[in-house]
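J.: Here's a structure for you.
None of the figures in this text is laboratory data; all of them are computed from the coordinates on show. Just so it is clear, the model here is predicted, and its values are computed rather than measured. When we count neighbours, we look across all protein chains shown, and the Cβ atoms used for this are built from the backbone with ideal geometry, even at glycine.
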Amino acid sequence: MTQKTSRAALDSEILEWMRETPWQHDETRFDSLALRLFAHQFEACVPYARYCRSQGSVPGEVASWRDIPTVPTGAFKEVRLAGFDPASTCKIFRTSGTSIARRGELHLDTLALYETSLEASLRRFVFPDLEGGERMTIRVLAPSAQEAPDSSLSHMFDRALEIFGDESSGHDLEDTKLCVENFLAAVLRSRHANRPLAICGTAFAFVHLLDEIEERGSAGLELPTGSRVLETGGFKGRSRSVSRPDLHAMIGERFGLPGSHVLNQYGMTELGSQFYDGPLQEEGAPPGKPTPPWTRVRLIDPGSGDDVGPDRTGMIVIHDLANTGSVAAIQTADLGRFTAGSVDERFEILGREPGAEERGCSIAADSMLETGT
Amino acid sequence: MSAQAADIRAAQLRLQEAGQELRRLPATERIAALQQLLDALADPLGAFQSACTEQLASHAGFHPETIRAGLRLALEDWNGSALAALIENEVGDPANLDSRAASPLSAFPLTGCILAGSIPMPTLQALLLPLLLGSPVLVKPAGRDRVTPKLFARSLAKFHPLLARCIEICDFASDDAPAIDAFVQLPCLVASGSDATLERIRERTPSGQRFVGHGHRLSLAIVGADVEAEDWAERAARDVALWDQLGCLSTAAVYAVGDRSRVEAVARALAEALRSLEARWPRGRIGAGVEAAIRDARDEARFRAAAGQEVALMAPDDDAFTVVLEPASDWRSTPLHRFVRVYRVATPDEARVALLPLGSHLAAVSVDGVAIDTEGDSPDFEAKLRAAGASRVVAAGGMQAPPFGWHPDGGPLLAGLSPRGLRSTRA
């Protein structure tokens, strides 16, 4: 029988784990916290409890975190998946979308876990060389949180600016338009001062930035040693897409950065934690994204739902203890693969394999709605 | 073997030479050869359909029986007579094609076709129509169907070797920029694909050149409250199952008129019909991404049902097909591959209004059990659907057999391929 634990106690234990260095993966500790959190969420979140019952899984009968029922990300578009009084809501992050397409919502009654998880991961994977309150210039190719208050991405970048950015840091995207002049001026300042620059933004914004630079014929944009790029997000619903390896190669070539300094972040609005490429933190690290200790990733066979073995492609399922206020076990529609040699501690994202549109001429209707046509 | 830019330029030169000979042929001779060709393609026991079935199954992943049935149904009426009817509709007297003065249409010296998908009929039409006008064709085959253009050219060679010399196939990678730039120099470019693909090609096409884009579309079904559910479901399931629901004429979703129990009966009948068809026309291979999308959409339906929404999931243990009963008409995404949402609507007009946002991407609508004739002075239901974007309105079961002269935009087929026709079209 799982012991009942209060939400506050769970938050406290998980926050403590997030603040620990060095990171320690501890299966017993994770299992215990995950099962207690499941029991709490089952009790506090009625729609989740109903779903769990329909799947025949209830606390006390679930023996391992691996057996905790997962909700598809689409569930966040359907109901308020939160385990607290709506009056306690301090933040709602929403997925992107049009007026036609539904938007998923993550309701939060505290930002403590979200921000602690974020800071720990950013410090480890994106800014591992900044010590003792050191800061660097960060230019962000995404709207500010003030401009996009319900965007978790904007919140994340703004927090990165607050924690790691110096006085020259800021946004180079306003009113949905790239401020290329601002950005190029920041690059020139960085070059003149020989101070490394960090550029963070959405993959789509990087594509537009590179196009714009190409059109202007701007040259000499190689950044000082130690500069880095963090890109995130996909191209779903966009008029143009570029594969991730191609995008990284284009970014590396334009700014003179080695592959180890062009990073991808995998995250989603529904999650409290994110996953980052690891080469800045660990030189020569194998490809893939290490998982923070308070998260676990499963890869499942879409047909059977069983865990797939090493080197096999599977649907990504994430158990994120940072999601104490909603549901911690989330099934994505993305495909992934564990990196050779790792056992659920490092995985690669393979995205969503193109399907219908490659073989037929029927439009995938979600694409149609996302383009707002 | 991937073609290089130099290969493409060499092919253009050969085609320009062949084109001069082609245009010296009387139009009646071109037409006669193409009619013979269509008659041969329409033969379900003929060489084309047999080879296409066998080769496309291994290449595109469809089950052979599904391909066989799809070809048989679609090509049955795509014969010499259908071509004659198209010419009569769009050109008038066939001899007009020989007379620059009399004909409303003429031929580009060369037409390029960038093909997409793996459903043969759009490919057949894309290759045949320029030849009809007297324009040789340079083809970039679709990555998932390198079969149909070759078989088309091979079949044509049996009837008219010169016409067959007027088709060349240049296969190159979609990211080979020099090859693409060489290809898009052709005076007329016909391209198929997603909106994003078409936009990328259009951006590279020199200004002033003809660009005809055929974008992805989808089709829907509307079924009235008094239709016998099993009979309708048997026909509608064929519209879904053929080409594994991946064609622009495949029924992507159903709007069923009636109360909850009526619409549930319709959904159950459709699920049963799809189950029955699976034995005859098994669904083809799918990749892990599609499997994941189907699992995700099914789990979402299960979650909504558990949350108290009036959603019902009707599916076997495997992912061969899925029917989801939806309580309202709000559009939801679909992974296709025989995944059908049945939306409950109170009236046919609610269905029509629901599909208005899809309008620019709408191809056809099957309508059963709804009066489509004129009532008083108000436009009839079919006219309203056409105004909403549907270029075909038929009964269920007939979606996958469009007439040869059907254009997804509802307009003429040949005008866009002629210098004297429309300046630019986009499907």
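J.: Report, as an integer, the average count of C-beta atoms from other chains found within 10 Å of each Cβ along B:352-365.
T.: Numbers: counts 0, 0, 0, 0, 0, 7, 6, 1, 2, 8, 2, 3, 0, 0.
If you average over the peptide's residues, the count of other-chain Cβ atoms is 2.
J.: Relative contact order for chain B using alpha-carbon pairs under 8 Å, separation at least 6, rounded to a whole percent?
T.: Working: 825 pairs, mean separation 77.8, N = 427.
Contact order relative to length: 18 percent.
J.: I've got another one for you. R0 = 30 Å: FRET efficiency of B:ASP43 with B:ALA279, Cβ-based, nearest 0.05? Let's see the in-between values first.
T.: Values: r = 26 Å, r/R0 = 0.88.
The pair B:ASP43/B:ALA279 has a calculated efficiency of 0.70.
J.: Can you check how the C-alpha radius of gyration of the protein assembly as shown compares to 2.2 N^0.38 Å, as a plain ratio?
T.: Working: Rg = 28.8 Å, N = 800, 2.2 N^0.38 = 27.9 Å.
Cα Rg divided by the expected 2.2 N^0.38 Å: 1.03.
J.: Something else now. Would you kindly state the longest site-free stretch of chain B, with sites defined as GluC sites (Glu not before Pro) in a DSSP loop (not H, G, I, E, B) surrounded by at most 14 other Cβ atoms within 10 Å?
T.: Maximal segment without exposed cleavage sites: B:77-227.
J.: Ignoring solvent entirely, what values of log10 I(q)/I(0) come out of the Debye formula for the stretch B:84-130 at 0.28, 0.29, 0.32 Å⁻¹ when each Cα is a single scatterer?
T.: Values returned for q = 0.28, 0.29, 0.32 Å⁻¹ are -1.04, -1.06, -1.14.
J.: Moving on to the next point. Out of all DSSP beta bridges with both ends in the protein assembly as shown, state the antiparallel percent to the nearest 5. Don't jump to the answer; show the numbers that get you there.
T.: On the way: 31 of 93 bridges.
For the protein assembly as shown, the DSSP antiparallel bridge percentage is about 35.
J.: Counting other C-beta atoms within 10 Å, and keeping those with at most 14, which DSSP coil GluC sites (Glu not before Pro) do you find in the stretch A:167-233?
T.: Loop-located and lightly packed - A:GLU167, A:GLU222.
J.: Within 10 Å of each candidate Cβ there may be at most 10 other Cβ atoms; applying that plus a DSSP loop requirement, which trypsin sites (Lys or Arg not before Pro) in the stretch B:62-128 survive? Before the final figure, lay out each step's value.
T.: Numbers: sites: B:ARG68, B:ARG72, B:ARG100; in loops: B:ARG100.
Sparse-neighbourhood loop trypsin sites (Lys or Arg not before Pro): B:ARG100.
J.: Of B:ALA315, B:ALA273, B:ALA196, which is the most mobile in a GNM of chain B whose springs link Cα atoms less than 10 angstrom apart?
T.: The residue that fluctuates most here is B:ALA196.
J.: Right, something else. Once every Cα of the stretch B:218-394 carries one equal point scatterer and solvent is ignored, give the base-10 log of I(q)/I(0) from the Debye formula at q = 0.20 Å⁻¹, two decimals.
T.: The Cα Debye sum returns log10 ratios of -1.42.
J.: Could you tell me what a quarter of the Cα convex hull surface of the stretch B:25-113 works out to, in nm² with one decimal place?
T.: On the way: hull surface 28.0 nm².
Here the figure is 7.0 nm², rounded to one decimal.
J.: Name every cysteine in chain A that ends up alone, with no second cysteine's Cβ under 4.7 Å, or say none.
T.: By the Cβ distance rule, which asks for a partner under 4.7 Å, the isolated cysteines are A:CYS45, A:CYS52, A:CYS90, A:CYS179, A:CYS200.
J.: Hey, another quick one. Ranking B:PHE62, A:PHE347, A:PHE30 by Cβ neighbours within 10 Å, fewest first, what do you get?
T.: The fewest-first ordering by Cβ neighbours comes to A:PHE30, A:PHE347, B:PHE62.
J.: At a temperature of 4 °C and a viscosity of 1.567 mPa s, determine how fast the stretch A:53-146 diffuses translationally according to Stokes-Einstein, using the Kirkwood radius over alpha-carbon pairs as Rh; express D in µm²/s, rounded to the nearest whole number. Present the calculation step by step, with values, prior to reporting the outcome.
T.: Numbers: Rh = 17.2 Å.
Value of D from the Cα-based Kirkwood radius: 75 µm²/s.
J.: Toward the positive end of the charge dipole of the stretch A:224-304, about the Cα centre and with charges on Cβ (Lys, Arg +1; Asp, Glu -1), which of A:LEU257, A:PRO292, A:LEU230 goes farthest?
T.: A:LEU230
J.: For the pair B:ARG24/B:ALA328, report the inter-label distance in nm, with labels modelled 7 Å from Cα in the Cβ direction.
T.: Rounded to a tenth, the inter-label distance reads 6.9 nm.
J.: I need the per residue convex hull volume for the stretch A:112-285, using only the alpha carbons, in cubic angstrom as a whole number. Let's see the in-between values first.
T.: Details: hull volume 20.8 nm³, N = 174.
That works out to 120 Å³ per residue.
J.: Among B:PRO403, B:PHE303, B:VAL257, pick out the residue whose Cα is farthest towards the positive end of the charge dipole of chain B, where Lys and Arg carry +1 and Asp and Glu carry -1 on C-beta, about the Cα centre.
T.: So the residue we want is B:PRO403.
J.: Which value in Å is the Kirkwood Rh of chain B over different Cα pairs?
T.: Values: mean 1/r = 0.0443 Å⁻¹.
This gives a value of 22.6 Å.
J.: Ok, one more. Provide Rg and Dmax in Å for chain A, with only Cα atoms included in the calculation.
T.: Taking only Cα atoms of chain A, I get Rg and Dmax of 20.7, 67 Å.
J.: Excluding B:ASN79 itself, calculate the net charge of residues whose Cβ lies under 12 Å from the Cβ of B:ASN79, where each Lys or Arg counts +1 and each Asp or Glu counts -1. Before the final figure, lay out the partial values.
T.: On the way: positive: none; negative: B:ASP39, B:ASP43, B:GLU76, B:ASP77.
Its environment carries a net charge of -4.
J.: Sticking with this one: Taking the number of other C-beta atoms within 10 Å as the exposure measure, put A:ILE251, A:ILE138 in order starting with the fewest. Show your work: numbers first, answer last.
T.: Values: A:ILE251 21, A:ILE138 25.
Ranking A:ILE251, A:ILE138 by Cβ neighbours within 10 Å, fewest first, gives A:ILE251, A:ILE138.
J.: Continuing with the same structure: So how do B:HIS63, A:HIS192, B:HIS214 line up by other beta-carbon neighbours within 10 Å, fewest first?
T.: Working: B:HIS63 19, A:HIS192 9, B:HIS214 27.
Neighbour counts put them in this order, fewest first: A:HIS192, B:HIS63, B:HIS214.
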